[in-house]
Amino acid sequence: MAAGASSVWMLNQSSFLGSCQQLSSVSKLVASRRPRPAPPSLFIVEASTRPRTKREDRTARHSRIRKKIDGTPERPRLCVFRSNKHLYVQVIDDTKMHTLASASTMQKPISDELDYSSGPTIEVSKKVGEMIAKSCLEKGITKVAFDRGGYPYHGRIQALADAAREYGLQF
């Protein structure tokens, strides 16, 4: 019989205390054979340097904005989403999680009236701002909190906000 096989047989046949002693001596033998790495002289800290996308930056800005802006029944939140092809606006009561009014470039009155092939322009966003303002005023909403959705207040977003103000919404 080999030495390893006899010690295993002895472990099985011995008492619990004996098996613990046998195992501890085996583990010491195995531990002494392992080479130990030298302690590092310098501590190296690795940071994630993965480049962030524009979408990740925008969602981070939007979450910071949402910490400060909250839609109430008296002053709901006017939320804007801008894609490459369309522009979406919703008026949301965050206490009930309910959309009170909405307008987008996908709605028939806007898409039929304005012909745009490369995406919403400033003129299109003015029309969407006019539509959302009229829809809100019909429902008795006059004051809103403007949520630009993490987009810069420039270009289409600014044109939409100015058109909504021009047609009677108060920010």
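Readers should treat all values here as calculations from the given coordinates under stated rules, not as data from a laboratory. Treat the numbers as computed from the prediction; the structure is a model and nothing was measured. Note: ideal-geometry Cβ built from the backbone for every residue, glycine included; neighbour counts use all protein chains shown.
Scanning region 74-91 for residues that are part of a loop (DSSP other than H, G, I, E, B) and closer than 22 Å to Met131 by Cβ yields Arg75, Pro76, Ser83, Asn84, Lys85, His86.
So which residues in region 109-156 are polar (S, T, N, Q), in a helix (DSSP H, G or I) and within 23 Å of Arg55 (Cα to Cα)? Write out each step before concluding.
Residues of region 109-156 that are polar (S, T, N, Q), as a first pass: 111, 117-118, 121, 125, 135, 142.
Imposing the further condition that a residue be in a helix (DSSP H, G or I) reduces the set to 111, 125, 135.
Residue satisfying the conditions is Ser125 alone.
The residues of region 96-122 that are acidic (Asp, Glu) and in contact (Cβ under 8 Å) with a residue 12 or more places away in the chain amount to a single one, Glu113.
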